1. Can you tell me how many residues within segment 58-78 are within 18 Å of residue 10 (Cα to Cα) and either at pLDDT below 95 or touching a helix residue (DSSP H, G or I) at 6+ places or on another chain (Cβ under 9 Å) (or both)?
2. What pairs can you find where one residue is in segment 63-83 and farther than 13 Å from residue 24 by Cα, the other is in a helix (DSSP H, G or I) and at pLDDT 95 or above, and their Cβ atoms are less than 7 Å apart, with a gap of 6+ or different chains?
3. Would you say residue 46 is surrounded by fewer than 17 Cβ atoms within 10 Å (Cβ to Cβ) and assigned to a strand (DSSP E or B)?
């Protein structure tokens, strides 16, 4: 499965992980633990791991086209929750 990882600089990584997981939990299978947020989409999985000064985001998808689309979905949602510091820097 194609995979991409980004380290997104932010001091609010834990907060954004929790917000995104709660947001997507209404429609998707979400697992939120103290150190990790996992969101299972129909054809992809996004894993978010808060770090001290960044959010590590890994997207794994069924194919390259889905991977590209899901990277955009995750980035746009993160930017919405991080509106005070958006646009965030994603180096996939």
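The values are calculated or read from the model by the stated rules, or taken from the named source; none is laboratory data. Remember, predicted model here, so these are calculated numbers, not experimental data. All Cβ positions, glycine included, derive from the backbone under ideal geometry; neighbour counts span all protein chains shown.
1. Selection size over segment 58-78: 3.
2. Here the result reads 82/16, each pair linking segment 63-83 to a residue that is in a helix (DSSP H, G or I) and at pLDDT 95 or above.
3. Taking the combined requirement at face value, the residue does not satisfy it.
Listed here are the residues, each with its yes/no results for (1) under 20 Å from residue 87 (Cα atoms); (2) touching a helix residue (DSSP H, G or I) at 6+ places or on another chain (Cβ under 7 Å); (3) assigned to a strand (DSSP E or B).
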{"site": "1", "(1), (2), (3)": "no, no, no"}
{"site": "4", "(1), (2), (3)": "yes, yes, yes"}
{"site": "19", "(1), (2), (3)": "yes, yes, no"}
{"site": "35", "(1), (2), (3)": "no, no, no"}
{"site": "38", "(1), (2), (3)": "no, no, yes"}
